[in-house]
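Worksheet: one structure, shown below.
Just so you know, all these numbers are worked out from the coordinates, no wet-lab data involved. All figures in this text were calculated on a predicted structure; none of them were measured in a lab. Cβ placement follows ideal geometry from the backbone for every residue including glycine, while neighbour counts extend to all protein chains displayed.
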Amino acid sequence: MSTQAHLKLESTNLIPLSEVSNSFQTLTLEEKIERTSDVIKGLLADGKHLLLASSFGKDSGVLLNIFLQAMKEFVTENGSAPCCIVVNSNTLVESPLLDAYSRLEAAKVTEYCERHNLPVTMHIVEPSLSNNYLVNIIGGRTITVDSANDAKCSIMMKLNPINSHKNRIFKQFGKENVVTLVGTRFSESPERGRAMKDRGDSYDSISINTAGDKVISPIAEWELDDIFFYIGYVRSNKIECYSDFEALVETYRDINGGECMVNVYTTGQASKTPCGGRSGCWICLRISEDKSMENMLKRDENAYMRPLNDLRNYLAANQYDPSKRNWLARTLNDDGSVTIAPNSYSPDYCETLLRLVLSIQMRENRAAAALGIAPRFTLLRLKDVIAIEVLWARYGYHTSARALQIFDDVVVQGEEFDVPTNQPIFHKNSLPRFSAKVSFADKDFFGLTSGLRDVEAIIADCERTVTKADGRIYSDVNTSAEFTVDEEGADLFFQFEYERFLERYTNPSYCPTQVFHYFLRQGTVSLHRGGHAENDRMLRMANQIHRKGITKVLNNPNLLLSRLSDLAGSENVNVVIEQQCTLF
């Protein structure tokens, strides 16, 4: 039995848990629907606000409709009901087919609830800029996750956004008053069944997951045939539904239905296994080959997705190419040295990825316009490009205003690029084991204006400052709950400031960190609240990189070590090499 808390619903008056499985095997589908509906109405009668996590897959789609029908009956019988929420998660790198399908179904839910005056709202949860996968990869903050890495991608794109959303719901209604409904079933697989039993899941009982959330699986005892028969009844108009399920059958044929998102709601933890290829993210490297996408591309109507698959394969081929890594650590050691070891992607590779992504998007925009439709996918928005520019400026790996210069080359000037194909594949052992420490900080590293201080504002005598409890003084920048780019501010920048910005800041000799201060000064960007010291630290590293002039050798550990050794003097070098880099 589960070690987690397990609460029995008092208002449903259903049979004991030990008899549930045998009892369910003898019930008709109509009786199973009624029993599931009774559980939901019992929760509403208890005054619970229900949060239904739906991927619009077969299981969560069926549960969603049972919930809506139960809500409709409850409102008819009682005149009102507690406010409830249906939530769907969009990683921003979803398979375009799944993304289009989910948005279509979400619109159907909204229309159905409005038409029947149900107190239900539809929420689509997306990652913030801090968790935007493409922004973080191109911005040089992280590398793509593959089968050798942990579940960072699931944490960034699903767990963190979902937890942030749930916390807002809990703050609104009180955590004790919110119960999450999930469409998980014991019979989905032996692994799923064991996990559900370990959590103490049942169709009429509330489990408390590891995050302390109340969760219930009202269709836990349903079999796959029950799901298919229910969908069949909807399609033959025998059951009222928010959707006719025709798109579900077409989109989800032979796939797992994107239930990874639902599992995050159930467990409160990131998935340890990759999502299904077709129903997951087009960029996923946690599967060795996206065979589902390859099969879809055999159909002419799906050819528009080929550039996405080409980009995914390009990323996979170059994942362990040592020349496409940045070999300078982000953090200064206590003795003023810096470690040379493989880190995030190199500046040149990040710039290549930005060119490729913008080229893919521009071609899709033109193709969609020719067809008279909206673009079928969006890779980067204007605010995402500014976010990448700010990240590049903060790390100091690129020349000044480089991201916006690339944007201008591709989007404005039309200089587009093709994704390289048939690339040689670099495997994990292609990345040499190499570690070195070399003196890095000089007399200017801890200078007054080397960190989070706006030099241009200081010169103009208009800098606003804030003094922290430890006595340190920083520029008084905009802050928010997390790193953000104001969407309206981004639009205004591109309308009125963009050309003047490029004229001023694209000088290669210009210190890139001033671009960082520019967007903060304009109010376009807000930093994470409480992050003054961390940003100050990164800006000091960035300014030191600029002073030493090493941006062009960050992808070559031997040249980087040699350059820094020459600058520091050989007596200040402490080198520890496990395997000499001979690939450069």
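Odds and ends about this structure:
- Size of electric dipole in the chain: Cβ of Lys, Arg +1 and of Asp, Glu -1, about Cα centre, debye, nearest 20: 1160 debye
- Expressed per residue, the C-alpha convex hull volume of the chain stands at 186 Å³.
- In terms of distances greater than 28 angstrom between alpha carbons, the cross-link table entries 58/214; 166/383; 152/214; 48/152 yield 48/152.
- Here is what passes the span test in the chain: the DSSP H helices with alpha carbon length of 15 Å or more along the helix axis and a Kyte-Doolittle mean of -0.5 or above are 29-45, 58-78, 96-115, 224-235, 347-371, 382-395, 557-568.
- Ratio Rg/Rh, restricted to the range 320-576 and using Cα atoms, in which Rh is the Kirkwood radius: 0.99
- Of the residues 465, 74, 359, the one whose Cα sits farthest toward the positive end of the charge dipole of the chain, with +1 on the Cβ of Lys and Arg and -1 on the Cβ of Asp and Glu, is 465.
- Pairwise label distance in nanometres, residue 236 with residue 446, each label 7 Å out on the Cα-Cβ vector: 7.9 nm
- Modelled this way, with points 7 Å down the Cα-to-C-beta line, the labels at residue 533 and residue 302 are 5.1 nm from one another.
- Here the sum of -39500 (n - 2.57) over DSSP H runs of 4 or more residues, divided by the residues of the chain, equals -12500 deg cm²/dmol at 222 nm, to the nearest 500.
- Peptide packing: for 538-544, 188-194, the average count of neighbouring Cβ atoms within 10 Å per residue gives the ranking 538-544, 188-194, highest mean first.
- Among 112, 302, 340 - extreme Cα towards positive end, dipole of the chain, charges at beta-carbon: 340
- Relative contact order computed over the range 357-490 (Cα-Cα under 8 Å; 6+ residues apart), in percent: 23 percent
- Dipole magnitude (debye, nearest 20) for the range 320-576, charges at Cβ of Lys, Arg, Asp, Glu: 760 debye
- Length, then width, then depth: along the principal axes, the Cα atoms of the range 278-421 run 59, 36, 23 Å.
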